[in-house]
Amino acid sequence: MEISEIAETIAEREAKDEHEEGFRRRTALLISALAMVLAITALGANRTSKELIGDAIAASDTWAFFQAKGIRQTATGLAADEVETSLAEPDIAPEMRTRLEARLARYRDAMAHYETETDGSGRKELAAKARMLEHERERAEVREGHFALAEGLLQIAIVLASAGVTTGARFLVKAAGGLGAIGALLAVDAFTLLVVLPL
(Lines give C-alpha, C1' and ligand atoms only; values in the text may rest on other atoms or scores of the structure.)
Protein backbone atom coordinates (compact mmCIF):
# COMPACT_ATOMS: atom_id res chain seq x y z
CA MET A 1 0.00 0.00 0.00
CA GLU A 2 1.35 3.34 -0.97
CA ILE A 3 1.39 6.43 1.14
CA SER A 4 -1.21 8.14 -1.05
CA GLU A 5 -3.59 5.18 -0.58
CA ILE A 6 -3.02 5.22 3.18
CA ALA A 7 -3.65 8.97 3.29
CA GLU A 8 -6.81 8.50 1.23
CA THR A 9 -8.04 5.74 3.56
CA ILE A 10 -7.32 7.89 6.61
CA ALA A 11 -9.14 10.83 5.03
CA GLU A 12 -12.15 8.61 4.21
CA ARG A 13 -12.24 7.29 7.79
CA GLU A 14 -11.98 10.80 9.20
CA ALA A 15 -14.80 11.96 6.93
CA LYS A 16 -16.89 8.96 7.98
CA ASP A 17 -16.12 9.60 11.65
CA GLU A 18 -16.96 13.26 11.20
CA HIS A 19 -20.22 12.30 9.50
CA GLU A 20 -21.04 9.87 12.34
CA GLU A 21 -20.17 12.49 14.93
CA GLY A 22 -22.50 14.94 13.18
CA PHE A 23 -25.25 12.32 13.18
CA ARG A 24 -24.74 11.75 16.92
CA ARG A 25 -24.77 15.49 17.64
CA ARG A 26 -27.94 16.07 15.63
CA THR A 27 -29.61 13.09 17.33
CA ALA A 28 -28.56 14.38 20.76
CA LEU A 29 -30.09 17.75 19.90
CA LEU A 30 -33.26 15.98 18.75
CA ILE A 31 -33.45 14.03 22.02
CA SER A 32 -32.91 17.24 24.00
CA ALA A 33 -35.64 19.04 22.08
CA LEU A 34 -38.03 16.11 22.52
CA ALA A 35 -37.30 16.00 26.25
CA MET A 36 -37.94 19.74 26.53
CA VAL A 37 -41.28 19.46 24.72
CA LEU A 38 -42.15 16.44 26.87
CA ALA A 39 -41.43 18.43 30.05
CA ILE A 40 -43.63 21.32 28.90
CA THR A 41 -46.35 18.86 27.92
CA ALA A 42 -46.17 17.18 31.33
CA LEU A 43 -46.56 20.58 33.03
CA GLY A 44 -49.63 21.32 30.89
CA ALA A 45 -51.07 17.88 31.65
CA ASN A 46 -50.54 18.39 35.36
CA ARG A 47 -52.24 21.79 35.30
CA THR A 48 -55.10 20.39 33.23
CA SER A 49 -55.63 17.53 35.70
CA LYS A 50 -55.91 20.06 38.53
CA GLU A 51 -58.36 22.15 36.50
CA LEU A 52 -60.40 19.04 35.73
CA ILE A 53 -60.67 18.13 39.41
CA GLY A 54 -61.44 21.72 40.41
CA ASP A 55 -64.13 22.13 37.77
CA ALA A 56 -65.72 18.79 38.69
CA ILE A 57 -65.85 19.74 42.38
CA ALA A 58 -67.16 23.23 41.63
CA ALA A 59 -69.89 21.87 39.32
CA SER A 60 -70.91 19.30 41.92
CA ASP A 61 -71.02 21.95 44.67
CA THR A 62 -73.04 24.30 42.48
CA TRP A 63 -75.59 21.60 41.64
CA ALA A 64 -75.84 20.76 45.37
CA PHE A 65 -76.53 24.43 46.15
CA PHE A 66 -79.10 24.45 43.31
CA GLN A 67 -80.84 21.44 44.87
CA ALA A 68 -80.75 23.00 48.34
CA LYS A 69 -82.42 26.13 46.92
CA GLY A 70 -85.05 23.89 45.35
CA ILE A 71 -85.74 22.19 48.68
CA ARG A 72 -86.05 25.58 50.39
CA GLN A 73 -88.31 26.81 47.60
CA THR A 74 -90.53 23.73 47.95
CA ALA A 75 -90.69 24.07 51.75
CA THR A 76 -91.58 27.74 51.42
CA GLY A 77 -94.21 26.87 48.82
CA LEU A 78 -95.75 24.33 51.20
CA ALA A 79 -95.81 26.94 53.96
CA ALA A 80 -97.45 29.42 51.56
CA ASP A 81 -100.09 26.79 50.66
CA GLU A 82 -100.80 26.28 54.37
CA VAL A 83 -101.22 30.04 54.89
CA GLU A 84 -103.53 30.24 51.85
CA THR A 85 -105.61 27.42 53.30
CA SER A 86 -105.85 29.31 56.59
CA LEU A 87 -106.87 32.49 54.75
CA ALA A 88 -109.69 30.60 53.04
CA GLU A 89 -111.46 30.02 56.35
CA PRO A 90 -114.43 32.42 56.65
CA ASP A 91 -114.35 33.02 60.42
CA ILE A 92 -110.74 34.29 60.65
CA ALA A 93 -110.19 37.42 62.72
CA PRO A 94 -109.18 40.55 60.75
CA GLU A 95 -106.00 40.97 62.81
CA MET A 96 -104.99 37.37 62.07
CA ARG A 97 -105.90 37.79 58.38
CA THR A 98 -103.55 40.80 58.13
CA ARG A 99 -100.69 38.84 59.72
CA LEU A 100 -101.31 35.81 57.47
CA GLU A 101 -101.45 37.96 54.34
CA ALA A 102 -98.14 39.61 55.31
CA ARG A 103 -96.59 36.17 55.92
CA LEU A 104 -97.93 34.90 52.57
CA ALA A 105 -96.38 37.91 50.81
CA ARG A 106 -93.01 37.18 52.48
CA TYR A 107 -93.23 33.51 51.43
CA ARG A 108 -94.02 34.43 47.82
CA ASP A 109 -91.20 36.97 47.79
CA ALA A 110 -88.79 34.36 49.21
CA MET A 111 -89.90 31.84 46.55
CA ALA A 112 -89.19 34.39 43.82
CA HIS A 113 -85.75 35.06 45.30
CA TYR A 114 -84.96 31.36 45.41
CA GLU A 115 -85.66 31.22 41.69
CA THR A 116 -83.53 34.21 40.64
CA GLU A 117 -81.19 36.55 42.54
CA THR A 118 -79.14 39.51 41.41
CA ASP A 119 -76.13 38.17 43.33
CA GLY A 120 -76.13 34.98 41.24
CA SER A 121 -77.40 32.67 43.97
CA GLY A 122 -80.83 31.98 42.48
CA ARG A 123 -81.71 28.62 40.95
CA LYS A 124 -81.59 29.95 37.38
CA GLU A 125 -78.17 31.51 37.91
CA LEU A 126 -76.85 28.44 39.73
CA ALA A 127 -78.01 26.13 36.94
CA ALA A 128 -76.29 28.32 34.34
CA LYS A 129 -73.09 28.42 36.40
CA ALA A 130 -73.13 24.63 36.93
CA ARG A 131 -73.60 24.02 33.19
CA MET A 132 -70.70 26.38 32.43
CA LEU A 133 -68.51 24.52 34.95
CA GLU A 134 -69.52 21.20 33.40
CA HIS A 135 -68.52 22.57 29.98
CA GLU A 136 -65.14 23.64 31.38
CA ARG A 137 -64.72 20.19 32.93
CA GLU A 138 -65.47 18.54 29.57
CA ARG A 139 -62.90 20.78 27.84
CA ALA A 140 -60.34 19.84 30.48
CA GLU A 141 -61.11 16.15 29.86
CA VAL A 142 -60.48 16.62 26.14
CA ARG A 143 -57.25 18.53 26.80
CA GLU A 144 -56.13 15.83 29.23
CA GLY A 145 -56.59 13.17 26.54
CA HIS A 146 -54.60 15.24 24.03
CA PHE A 147 -51.81 15.74 26.57
CA ALA A 148 -51.70 12.01 27.37
CA LEU A 149 -51.38 11.08 23.70
CA ALA A 150 -48.73 13.76 23.12
CA GLU A 151 -46.73 12.55 26.13
CA GLY A 152 -46.87 8.96 24.91
CA LEU A 153 -45.69 9.87 21.41
CA LEU A 154 -42.88 12.04 22.75
CA GLN A 155 -41.68 9.30 25.09
CA ILE A 156 -41.68 6.75 22.25
CA ALA A 157 -39.80 9.25 20.06
CA ILE A 158 -37.11 9.69 22.72
CA VAL A 159 -36.70 5.92 23.05
CA LEU A 160 -36.44 5.50 19.27
CA ALA A 161 -33.90 8.33 18.94
CA SER A 162 -31.82 6.85 21.77
CA ALA A 163 -31.90 3.43 20.12
CA GLY A 164 -31.04 5.03 16.78
CA VAL A 165 -27.97 6.82 18.11
CA THR A 166 -26.80 3.69 19.93
CA THR A 167 -27.22 1.37 16.96
CA GLY A 168 -26.52 3.89 14.25
CA ALA A 169 -29.88 3.08 12.66
CA ARG A 170 -30.83 6.32 10.98
CA PHE A 171 -34.36 5.14 10.18
CA LEU A 172 -35.06 4.99 13.94
CA VAL A 173 -33.96 8.60 14.32
CA LYS A 174 -36.13 9.62 11.36
CA ALA A 175 -39.10 7.76 12.89
CA ALA A 176 -38.36 9.49 16.21
CA GLY A 177 -38.36 12.87 14.47
CA GLY A 178 -41.71 12.13 12.84
CA LEU A 179 -43.33 10.89 16.05
CA GLY A 180 -41.80 13.79 17.95
CA ALA A 181 -43.26 16.28 15.48
CA ILE A 182 -46.70 14.70 15.80
CA GLY A 183 -46.36 14.68 19.60
CA ALA A 184 -45.32 18.34 19.62
CA LEU A 185 -48.30 19.29 17.44
CA LEU A 186 -50.61 17.37 19.76
CA ALA A 187 -49.10 19.16 22.74
CA VAL A 188 -49.71 22.55 21.11
CA ASP A 189 -53.25 21.45 20.29
CA ALA A 190 -53.77 20.31 23.88
CA PHE A 191 -52.99 23.85 25.04
CA THR A 192 -55.15 25.56 22.39
CA LEU A 193 -57.78 22.94 21.42
CA LEU A 194 -57.87 24.25 17.87
CA VAL A 195 -58.59 20.70 16.68
CA VAL A 196 -60.54 18.30 18.89
CA LEU A 197 -59.55 14.73 18.20
CA PRO A 198 -62.02 11.90 18.82
CA LEU A 199 -60.05 10.07 21.51
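Which condition from (1) out of contact with any Ser or Thr (no Cβ under 9 Å at 6 or more places or on another chain); (2) surrounded by 12 or more Cβ atoms within 10 Å (Cβ to Cβ) is the one that residue 69 breaks? For residue 69, the failing item is (1). Against the criterion of being in contact with a helix residue (DSSP H, G or I) (Cβ under 6 Å, 6 or more places away or on another chain) and under 30 Å from residue 155 (Cα atoms), residue 83 does not qualify. Restricting attention to the stretch 182-193, does a residue exist that is among the hydrophobic types (A, V, I, L, M, F, W, C) and within 30 Å of residue 71 (Cβ to Cβ)? No, there is no match, as no residue in the stretch 182-193 is among the hydrophobic types (A, V, I, L, M, F, W, C) and within 30 Å of residue 71 (Cβ to Cβ).
Residues being at pLDDT below 90 and over 30 Å from residue 51 (Cβ atoms) are entirely absent from the stretch 117-136. Select, from 109, 61, 17, the only residue that is within 30 Å of residue 148 (Cβ to Cβ) and either of a type in the set (Asp, Glu) or at pLDDT below 90 (or both). On inspection, the qualifying residue turns out to be 61.
Set side by side, the residues 60, 49 differ, and just one is within 14 Å of residue 134 (Cα to Cα) and part of a helix (DSSP H, G or I), which is 60. Figure legend. Inter-residue proximity from the stretch 179-199: first residues touching a residue at least 40 places away in the same chain (Cβ under 8 Å), second residues not in a helix (DSSP H, G or I), beta-carbon distance below 9 Å, spacing 6+ or different chains. Indicated pairs: 186/197; 189/195; 189/196; 189/197.
Does residue 123 satisfy the criteria of being charged (D, E, K, R) and either out of contact with any Phe, Trp or Tyr (no Cβ under 7 Å at 6 or more places or on another chain) or exposed (fewer than 14 other Cβ atoms within 10 Å of the Cβ) (or both)?
On the way: charged (D, E, K, R): yes; either out of contact with any Phe, Trp or Tyr (no Cβ under 7 Å at 6 or more places or on another chain) or exposed (fewer than 14 other Cβ atoms within 10 Å of the Cβ) (or both): no.
Against the criterion (charged (D, E, K, R) and either out of contact with any Phe, Trp or Tyr (no Cβ under 7 Å at 6 or more places or on another chain) or exposed (fewer than 14 other Cβ atoms within 10 Å of the Cβ) (or both)), residue 123 does not qualify.
Criterion first (loosely packed, with under 14 Cβ neighbours inside 10 Å, assigned to a helix (DSSP H, G or I) and not charged (D, E, K, R)) does residue 38 satisfy it? Judged against the criteria, residue 38 is not a match.
The values are calculated or read from the model by the stated rules, or taken from the named source; none is laboratory data. This one's a predicted model, so the numbers in the text were calculated from it and none came from an experiment. Here Cβ is always computed from backbone atoms with ideal geometry, including for glycine, and neighbour counts include all displayed protein chains.
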